[in-house]
Ligand code: GRF
């Protein structure tokens, strides 16, 4: 049950989620929508972008979620300031949603709470960029999306949830991206919920 404790944002019994984005923020939107219900045990307390102009920040604003966009291009500045904010708001879990920077092992160690990421492929296949073009080039029959834990090794942490989508002969990287994105929106909120329930 939710109970507001005081000036500082402290909701008894609610798990606090922070989300890092870099751009459009369609995954952010699906997560916000999913956890909007009043009796949700999860609260999104903070959205941070390394890109000041990220469209997703506008949506966070509209949803009345505390948000920050960094003008500085320095990764060190971004990581240090973000760490302070995550600590200040007692964040239990950090979710990367279309966040296009690679977090340093120092950041991962210092944050010391779980970090999840969404990747547009069926990991361990196609770590890194251009996943859709690579899957089509290799004539794969399926692609999909993966939610995994973030470790210092890129796109290699424990897999939390994965869903497949069929690649048709008529698909190109753009059409496949669209199909996979739909899957992303479906599975990321569920993965966060399941993960936090078992924490
Ligand atoms: C998604 O496909 C995500 O998997 C990838 O970047 C895209 C971001 O989309 N890492 P959005 O910003 O959530 O709309």
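Shown for 141, 182: other C-beta atoms within 10 Å of each C-beta, ranked fewest to most, produce the order 141, 182. Against the chain, whose longest principal axis is taken from its Cα atoms, helix 173-197 shows a tilt of about 40°.
Quick one: grab the alpha carbon gyration tensor of the range 129-170, order the square roots of its eigenvalues as a ≥ b ≥ c, and give me rounded if a/c is under 1.5, else prolate or oblate depending on whether a/b is larger than b/c. Oblate shape, in that a/c is at least 1.5 and b/c is the bigger or equal ratio.
By DSSP, the beta bridges lying fully in the chain are antiparallel in about 40 percent of cases.
Largest mean-square fluctuation among 102, 93, 48, in a Gaussian network model of the chain whose springs join Cα atoms under 10 Å apart, belongs to 102.
Any idea what % of Cα-Cα pairs in the range 11-117 are farther than 22 Å?
Result: 24 percent of Cα pairs exceed 22 Å.
For 188, 59, 142, 68, what's the fewest-to-most ordering of other Cβ within 10 Å of each Cβ?
On the way: 188 25, 59 20, 142 11, 68 16.
Lowest count first: 142, 68, 59, 188.
Principal-axis analysis of the Cα atoms of the chain puts helix 75-88 at an angle of about 50° to the longest axis.
With the alpha-carbon atoms as the only input, what is the per residue convex hull volume for the chain in Å³?
Looking at the chain, the number lands at 118 Å³ per residue.
Counting beta carbons within 10 Å around each of 107, 35, 20 and listing the fewest first gives the order 35, 107, 20.
Relative contact order of the chain, please, whole-number percent, based on alpha carbon pairs below 8 angstrom and at least 6 residues apart. Don't skip to the end; give the middle numbers.
Details: 365 pairs, mean separation 35.9, N = 199.
Relative contact order comes out at 18 percent.
Each reported figure results from applying straightforward, stated rules to the coordinates on display, with no laboratory input. For clarity, every value in this text was computed on a predicted model and none was experimentally measured. Reconstructed Cβ throughout: ideal geometry from the backbone, glycine too, with neighbour counts over all protein chains shown.
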